Every structure is written in C-alpha cells, then in structure tokens.
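In what follows, a structure is listed as structure tokens, so that the remarks can point back to it.
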Amino acid sequence: MHKLSVRALGTALVLTLGLVIGCQPSATPATAPDGVGAPNWVNDAVVYEVFIPDFSEEGTFRGAIDRLDALEAMGVTTLWLMPIHPVGEERAKTDIGALGSPYAVRDFYAVNPDYGTEADFQALVDSVHARDMHLIIDLVANHTAWDNPWLDEHPEWYSEGPIDGFTVPLLDGDTTDWTDVVELDYENEAMRQEMIDVMQYWVREYDIDGYRADVAHQVPVDFWTAAIDSVEAIKPVLMLAEAAEPEMHAAGFDYTYAWPFYGALKAVWEGAPVGELAAQVDTTLERLPPRAKRLRFTTNHDESMWDETPLELFDGMEGSKAAFVLAATMPGVPLVYNGQELGVADTVSFFARTPYDWSRTADNALFAFYTEYLTFYRNNTALRRGTLTMLTPDAEDALLYTRSFEDETALVAVNVRDRSVQVPVPTAYRNRAWTNAFTGAAVSVDTLDLEPYGYRLLYAE
C-alpha cells in the first residue's frame, strides 16, 4: 500500500483481521507448505527496509554499497529494497513529493536511472552477497503507472473502468485514491505470464533473493502459487506478502505482515491492557502453518508516512525501544525501516528525499540499542525459533513470557507504562541460572523491577 488512503484502510484491515483471527482460530497444519521458511537464512532473517534515495548521501545503488558495513554491524542479514524501477510521470502525485510514488512502476524490466545503472544494481547485489547477506526487491504486481508501455501495447491486460476505459485499484471492493496507477486484470492469462516472467527475470539475471509483494492479497492467490513455484525452480527465494491473511502461506509466502499485532501494540500504548497482545499473538499463531513467519515491526514506509514514527507513537525513545523489544521477541522476523535507528521524530515521505544524517550512527543511542538487540537475536536460537509461552497473559502493565528451543530459553519482561512496575516471576523459573543478554551478568529473577518502559531480556542454557 502506498497512497493517501492507506492509514484508514490499514486501520480497518487491522480491526477486521483482529476479529477474524481472534474469533475463528483453526488448527495448525501438520506440515509446512513446500518451501516456506526454507532455506534456513529465510527462517532466521533480520530484515532492513531500504529506500534508495534516502539510504545514503548520494541516494544511489553505489551509495548503498558504502553503507552495507553499517547494516552488517547492526545485525541485519536481509535487505528489502523498495521499488527500484523507473517511476511513472503521467498523473504522478507530485503534489505529495517531487519523486512521485515508487509504487507507480513505469518499466518492470529497468532500474530507476536516478539510482544508477543496471551494472550499479548488480554491484549492489554482489556486495550484499559478498557479506553473506541477502537482498529482496519490491514487486508491484497489482498495478502499473499510467505511462507503463503495457497500457498502450496490451490494454486488455488492465481492468475495465470509468477512467478512459480503465480504473484505479480497488481494495476489497472499495475505491481508492491511488490515481497515479492503473489496475491490472488477473483474468488475463497473458498478463499473468508476463508478471511471472518479470519475477523470473530479476532472479535469473541479477541473482536477487526474493520479493516483497505489494498489496499481495489484492492479487489472486492462485497466481502467487504458480509464480512462486516458477521462481523457486530457478533458486530458493524469500517471499514476503504485504498481507495478513494466513492463506498467503499456502501459496508459498514465507512471511506475512503482523498488522493485527501492530494495531494491538498501538492500542496498548493508548492504555489497553498489555494482555491483549498475548491473546492476539496466540490466536494468530494457531492459524499459521509450521515455519511461516510474521514480519514484526514498529514502523515501515507506510506507517512512517501515513501514521506516525515510533518516537511519536510510543512516547519517545524509551517507549519506542520497549515497543520494538515486544515486537521483535515475538515469533516472527524483525524489521527495521530505513532511518529508524536514527530516532527520526517526524513523519517521513517516500514521495520525496529526506536528508538523513547517516554520520549520526556513530554516537546514536538508538543505533546502539538496535545493534545490541539484533546481535543478540542473531545468536539466540530461542528468540529466532523458540516456542512462545505467555506467563502473564492477563497483565495490565508488563508482559512476561518465554521463548524456548531445546535446552535454550529466553525470558522476556516488558513494561509498557511510563511508571515503574514490579513483575513477580513464577516459581518454576526462579531457580535457573539466568544471564542478562545485554550485560552478561548473572541475574536473580524472584521479582523483576522494571523502570518506566523498562525491559529485561534474560537467557539460560
């Protein structure tokens, strides 16, 4: 999603899916869909979302190469690049920002010349792989820009409608204000095959490692089944659906969005009992097949543009850290958005360049926090793959839970309030040899005293 109506649509989606998931849990399938959560790098990823114009001073693929060491040091394993293609100019929303929307794709087979050349993009992919990291790109399969040549060459590939015979995209049957793009028609088999060819092209020619599928649930699920199978015939890939429906995993998607959790997280910071998060997560996990993952975030490009940034949503730096710990210690895969580690307070448009000062990472407290947490996460199997056990499911102010994998256990406590709280630890967990994940000190856990927005991450082996 990428246009003005996304905030209202996202809120409606969160509420709808929260009700569906909370009220209609189904049994977890005994086996995982083919390829989901495999290979292991997919199952264990730490994802960082990159908007190329903002990611370096140059705003180019080559500029991004120069910043890979910083991402690697922070614990990132997988880069997700927002659309890399030329942006449509016809009907572009330049009133929002001079760049227009990167989700209005003018040519699926080309790179945006403002970002560099095809050789520059290949150099970025190769540089990522040289660090044993992975790279996926955004795939906008639901629509194109109005000046995409497909519209003139194959008008039958588009949905009929009232705008010169075409239509802007609909979401769940409702009209959007996405006037800078035109909807594709997935009843046309030739168009389906062309989109599959696009997906194969970037994997085959540039060795990318997968896709994040924009508004994935607006595209027929049977298309995704065929498309993902065809791409994985070339190499195993990571597939991330911008969708919350568990059925997307049956089509081959490894990750879906944790939108219901994000909505519940915001509600908790507005005063709802933190135990509501426990109920939301438990009912969601009941519906996911084995190895399927939720993408856990406290912001992304949509939220930071149409909603608010983590510092605004979660009451400053300390609150934003507590919210991230809650999200990133739940079963799933953590996401950090372009510049999130700098503690940006104002909303950020991806229709325009934002002049980030990337030199701030050297002495930035949030960068240190993300580095510390993500480094521990990468080295702790319990957090990456462990079973979740809620110890205080009815809590008002502080959630206590464990993640356990074989002999390894992580004990997590997070205070969601701007006041100190005490959290008694159940007797069964008091006698283990716990270690503080961030200090390495041995810890007694009869009662955990948490400062405002405080958290504890302990582990035992």
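Read the figures in this text as sums done on the coordinates, not as results from a lab. Owing to the predicted nature of the structure, the values given are computational and were not obtained by experimental measurement. Note: ideal-geometry Cβ built from the backbone for every residue, glycine included; neighbour counts use all protein chains shown.
How big is the dipole moment of the range 6-379 about its Cα centre under a simple scheme where the beta carbon of each Lys and Arg is +1, that of each Asp and Glu is -1, and everything else is neutral? Debye, nearest 20, please.
Numbers: 21 positive and 62 negative charges, 269 e Å.
So the magnitude is around 1300 debye.
For the chain, what is the calculated [θ] at 222 nm in deg cm²/dmol (nearest 500), taking -39500 (n - 2.57) for each run of four or more DSSP H residues and dividing by its residue count?
On the way: 17 runs with 156 residues, N = 461.
One gets -9500 deg cm²/dmol as the mean residue ellipticity at 222 nm.
Let's test the formula: R0 of 30 Å, r as the Cβ-Cβ distance of Glu187 and Ala32. What FRET efficiency results, to the nearest 0.05?
Values: r = 31 Å, r/R0 = 1.02.
According to the calculation, E is roughly 0.45.
What is the magnitude of the charge dipole of the range 142-191 about its Cα centre, with +1 placed on the Cβ of each Lys and Arg, -1 on the Cβ of each Asp and Glu, and no other charges, expressed in debye to the nearest 20?
Values: 0 positive and 14 negative charges, 12 e Å.
Dipole of the range 142-191, to the nearest 20 debye: 60 debye.
Calculate, for Arg378 and Ala352, the FRET efficiency according to 1/(1 + (r/R0)^6) with r their C-beta to C-beta distance and R0 41 Å; round to the nearest 0.05.
0.75
Tell me, in nm to one decimal, what length is gained between Asp177 and Asp418 on full extension, where the rule is 0.36 nm per residue of separation less the Cα-Cα distance?
Numbers: separation 241, 0.36 × 241 = 86.76 nm, distance 3.85 nm.
Length gained between Asp177 and Asp418: 82.9 nm.
Pairs of Cα atoms under 8 Å, at least six residues apart: use those to get the relative contact order of the range 398-460, whole percent. Before the final figure, lay out the partial values.
Values: 129 pairs, mean separation 25.5, N = 63.
After rounding, I find 40 percent.
Hey, if you put +1 on the Cβ of every Lys and Arg and -1 on every Asp and Glu Cβ in the chain, which of Ala433, Pro289, Ala395 ends up farthest toward the positive end of that dipole?
Ala433
How far apart, in nanometres, would the label points at Glu90 and Leu342 be if each is projected 7 angstrom from Cα along the Cα-to-Cβ direction?
3.6
What's log10 of I(q)/I(0) for the range 224-296 at q = 0.13, 0.14 Å⁻¹, Debye sum over Cα points only, no solvent?
Evaluating at q = 0.13, 0.14 Å⁻¹ gives log10 I(q)/I(0) of -0.44, -0.49.
Across the range 6-379, how many lysine pairs, 8 or more positions apart or on different chains, have C-alpha atoms separated by under 24 Å? Please give the number. Each step should come with its number before you reach the end.
On the way: Lys235/Lys293; Lys266/Lys293; Lys266/Lys321; Lys293/Lys321.
Step by step, the pairs that qualify in the range 6-379 add up to 4.
All other residues with a Cβ under 14 Å from the Cβ of Asp449 taken together, and with Lys, Arg as +1 and Asp, Glu as -1, what is their net charge? It would help to have the intermediate numbers written out before the result.
Numbers: positive: Arg417, Arg419, Arg456; negative: Asp397, Asp446, Glu451.
The answer is 0.
Which whole-Hz ³J(HN,Hα) couplings does the range 452-459 yield from phi under the Karplus relation 6.51 cos²θ - 1.76 cosθ + 1.60, θ = phi - 60°, glycine and proline marked x?
x, 6, x, 8, 10, 10, 10, 9
Grab the other residues whose beta carbon is less than 10 angstrom from that of Arg91, score K and R as +1, D and E as -1, and report the net. Mind dumping the intermediate values first?
Numbers: positive: Lys93; negative: Glu89, Glu90, Asp147, Asp180.
Cβ neighbours under 10 Å give a net charge of -3.
Let's see if you can work this out: charge +1 on each Lys and Arg Cβ, -1 on each Asp and Glu Cβ, no other charges. What is the dipole magnitude of the range 361-461 about its Cα centre, in debye to the nearest 20?
On the way: 9 positive and 13 negative charges, 44 e Å.
Taking the Cα centre of the range 361-461 as origin, the dipole is about 220 debye.
Can you give me the Cα centroid spacing of the range 94-159 and the range 226-294 in angstrom?
When both Cα centres are located, 25 Å separates them.
With a sphere of radius 15 Å drawn around the Cβ of Ala433, what net charge do the other residues whose Cβ falls strictly inside it have (Lys, Arg +1; Asp, Glu -1)? Kindly include the intermediate steps, with their values, before the conclusion.
Numbers: positive: Arg430, Arg432; negative: Asp407, Glu408, Asp446, Glu461.
Here the count lands on -2.
With unit charges on the beta carbon (Lys/Arg positive, Asp/Glu negative), name the residue among Asn379, Gly165, Val182 whose Cα is farthest towards the positive pole of the charge dipole of the chain.
Checking the options against the dipole of the chain, the answer is Asn379.
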